[in-house]
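The values are calculated or read from the model by the stated rules, or taken from the named source; none is laboratory data. Just so you know, these numbers come straight off a predicted model, no measurement behind them. Positions of Cβ are backbone-derived with ideal geometry, glycine not excepted, and every protein chain shown enters the neighbour counts. The area values use the complete protein model at the heavy-atom level, side chains included, leaving out ligands, DNA and RNA. Shrake-Rupley method; radii C 1.70, N 1.55, O 1.52, S 1.80 Å.
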Amino acid sequence: MIIVSGVSMELNEIADSIKSMEIRGAGLIARSAAGALKQRALDYKGQDIQALRKQLEDGRDILVASRPTAISLWNSMQATLLGIEQAESVEEMRDLVVSNADRFMTRSSRAVDIIGEFGAKRLRDGMKVMTHCNSKAALSVLKTAHAQGKHIEVYATESRPWKQGLLTVRELGAAGIPTTLIIDSAVRWAMKDIDVVFVGADTVCSNGALINKVGTSQVAMAAHESRVPVIVCAETYKFSPRTLTGELVEIEERDASEIVDPNTLPAGVKVRNPVFDATPPEFIDSIITEVGVISPYAAYEVIVREFGQASIFEE
Ligand code: RI2
């Protein structure tokens, strides 16, 4: 049982909450999944090491299936189960999973703070910032700059259909940061007044492309046209080693009912609800990670450094 937002939850409940987006944000879903796998290890009371390993791998598969796009979920599972095949007892496997999960959760929370410190250096008094959706990493930059006494103003998009932008304006408003909410269609209209764009990341691909909340690519295109820099805030566990070996990132499509009640439409009218899109590296100024500020074209280096390189020459 783990406690999320004060509620104790089982692994399957955590997976359901990630799928329903009660638990959302690529970083928080990764931390919640690591905590769920840790709790499954702690809850196992048997002495059969193969049974424990199967419970952990089944739990990983359930959690990974809850949302397909954010590589953070996959990476957190890999980090939490790292080395279990070498464990020689149930106690050793349990202790390894617990320490792996704790290290991942601690490191990932610290990474958000470090990104805030690095990103705040790109903000000066009087700057107007646009952000899209609701990214803890991006908001860490804005709140850190504000806490340093920098007078910034934020334009936040509504981010339909889930309207995560309302979470953003409530959070920034409560922090005392002057914030303006705009609808997604008003991005290009607002861009003439914007100095810099800060967004989060669900997945950074090996070629430097960004997979993030749908609409990010339109924000980036409008910024590029106005020569406004786009800065991505992405912890290293959001970089995808799977794209290094040619895999494509699945763009999650969610139920039409998140957009409109299909029963109110004429028969035959289709509704599609993709909730992420891809922004090419040429529209991105830089990516702020907890290991440094990089060009999007350096994503390969981060992936190899953080995850190693599956060599075709390895035995
Ligand atoms: P943090 C969110 O996806 C948004 O796309 C956001 O930019 C990204 O995850 C990263 O969020 P969703 O969960 O990890 O709202 O920076 O679908 O909080």
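Observations on the model:
- Of the helices (runs of 4 or more DSSP H) lying entirely inside the range 1-68, those containing at least 1 residues that are β-branched (Val, Ile, Thr), at pLDDT 95 or above and touching a Phe, Trp or Tyr at 6+ places or on another chain (Cβ under 7 Å) span 49-64.
- Any hit, the range 201-220, residues being surrounded by fewer than 24 Cβ atoms within 10 Å (Cβ to Cβ) and more than 28 Å from Val302 (Cβ to Cβ): no
- Within the range 41-67, the set of residues being within 11 Å of the ligand (Cβ to nearest atom) and open to solvent by 30 Å² or more (accessible area, probe 1.4 Å) is empty.
- Taking the listed residues Val154, Val97, the one that is touching a strand residue (DSSP E or B) at 6+ places or on another chain (Cβ under 6 Å) and either in a helix (DSSP H, G or I) or open to solvent by less than 50 Å² (accessible area, probe 1.4 Å) (or both) is Val154, with no other qualifying.
- Members of the range 216-253 that are away from the ligand (no atom under 13 Å from the Cβ), over 14 Å from Thr69 (Cβ atoms) and part of a helix (DSSP H, G or I): Gln218, Met221, Ala222, Ala223, His224, Glu225, Pro241, Leu244
- In the range 257-297, residue surrounded by the most Cβ atoms within 10 Å (Cβ to Cβ) [restricted to those that are in a loop (DSSP other than H, G, I, E, B) and within 14 Å of the ligand (Cβ to nearest atom)]: Ile284
- Complete set of residues in the range 283-294 that are within 12 Å of Val230 (Cβ to Cβ) and in contact with a Gly (Cβ under 9 Å, 6 or more places away or on another chain): Ile284, Ile287, Ile288
- When residues of the range 8-49 are limited to those that are over 20 Å from the mean Cα position of the chain (by Cα) and among the hydroxyl-bearing types (Ser, Thr, Tyr), the one nearest to Ser66 (Cα to Cα): Ser8
- Filter result (over 16 Å from Gly200 (Cβ atoms) and within 11 Å of the ligand (Cβ to nearest atom)) within the range 21-40: Glu22
- Identity of the residue in the range 80-94, open to solvent by less than 50 Å² (accessible area, probe 1.4 Å) and outside any helix (DSSP H, G or I), that ends up nearest to the ligand (Cβ to nearest atom): Leu81
- Residues of the range 100-132 that are open to solvent by less than 10 Å² (accessible area, probe 1.4 Å) and either under 22 Å from Ile287 (Cα atoms) or in the same structural domain as Ser226 (by TED's automatic domain parsing) (or both): Ser108, Ala111, Ile115, Gly116, Gly119, Ala120, Leu123, Val129, Met130, Thr131, His132.
- Residues in the range 179-210 that are closer than 13 Å to Thr243 by Cα and either in a strand (DSSP E or B) or within 16 Å of the ligand (Cβ to nearest atom) (or both): Thr203, Val204, Cys205, Ala209, Leu210.
- When residues of the range 69-79 are limited to those that are touching a Phe, Trp or Tyr at 6+ places or on another chain (Cβ under 9 Å) and of a type outside the set (Val, Ile, Thr), the one surrounded by the fewest Cβ atoms within 10 Å (Cβ to Cβ): Gln78
- Residues in the range 244-256 that are without any contact (Cβ under 8 Å) to a residue 12 or more places away in the chain and not aliphatic (A, V, I, L, M) were compared, and the one that is most open to solvent (accessible area, probe 1.4 Å) is Glu247.
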